[in-house]
């Protein structure tokens, strides 16, 4: 019974661990996309758990950019919350370079922003009811 309880308790911790790196400081939150095919859900979950007001926009991309962050944009032009969001470069799923695989945000980030993420063409078609 004890092993079962420990196993069940470890599942949520493993999921959180895949979204945020261990050793995040007391002033920042690091969010890393662990599974490119599930990047949208991972980001939504991480943004919600930290109460960040960041919307995700999905854009069809080639297979090597699926799960990569394509852009970070402020919600309005009067302030630039994207300057507080730092990209984490990482490997693309294919052989290309220049992908963004994560973000570092201030722990108490209160700005609004949009993050565009690359998804498979079929995902966007499904969202649009096609």
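Summary of values
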item	result
Any chance residue 74 is over 11 Å from the mean Cα position of the chain (by Cα), modelled with pLDDT under 90 and on the phi < 0 side of the Ramachandran plot	yes
Given (1) modelled with pLDDT of 95 or more; (2) in contact with a helix residue (DSSP H, G or I) (Cβ under 8 Å, 6 or more places away or on another chain); (3) surrounded by fewer than 21 Cβ atoms within 10 Å (Cβ to Cβ); (4) part of a strand (DSSP E or B), number of the condition residue 57 does not satisfy	(2)
Some residue of segment 63-70 being in a helix (DSSP H, G or I), surrounded by 13 or more Cβ atoms within 10 Å (Cβ to Cβ), in contact with a helix residue (DSSP H, G or I) (Cβ under 6 Å, 6 or more places away or on another chain) and at pLDDT 90 or above	no
In segment 7-35, residue nearest to residue 86 (Cα to Cα) [restricted to those that are modelled with pLDDT of 50 or more and out of contact with any strand residue (DSSP E or B) (no Cβ under 8 Å at 6 or more places or on another chain)]	25
Segment 26-47: number of residues that are over 11 Å from the mean Cα position of the chain (by Cα) and closer than 13 Å to residue 115 by Cβ	0
Flag for residue 39 being under 13 Å from residue 103 (Cα atoms), modelled with pLDDT under 90 and surrounded by 15 or more Cβ atoms within 10 Å (Cβ to Cβ)	no
Condition met for residue 80 (surrounded by 12 or more Cβ atoms within 10 Å (Cβ to Cβ), at pLDDT below 85 and under 30 Å from residue 26 (Cα atoms))	yes
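The values are calculated or read from the model by the stated rules, or taken from the named source; none is laboratory data. Being a predicted model, the structure only gives us computed values, none of them experimental. Reconstructed Cβ throughout: ideal geometry from the backbone, glycine too, with neighbour counts over all protein chains shown.
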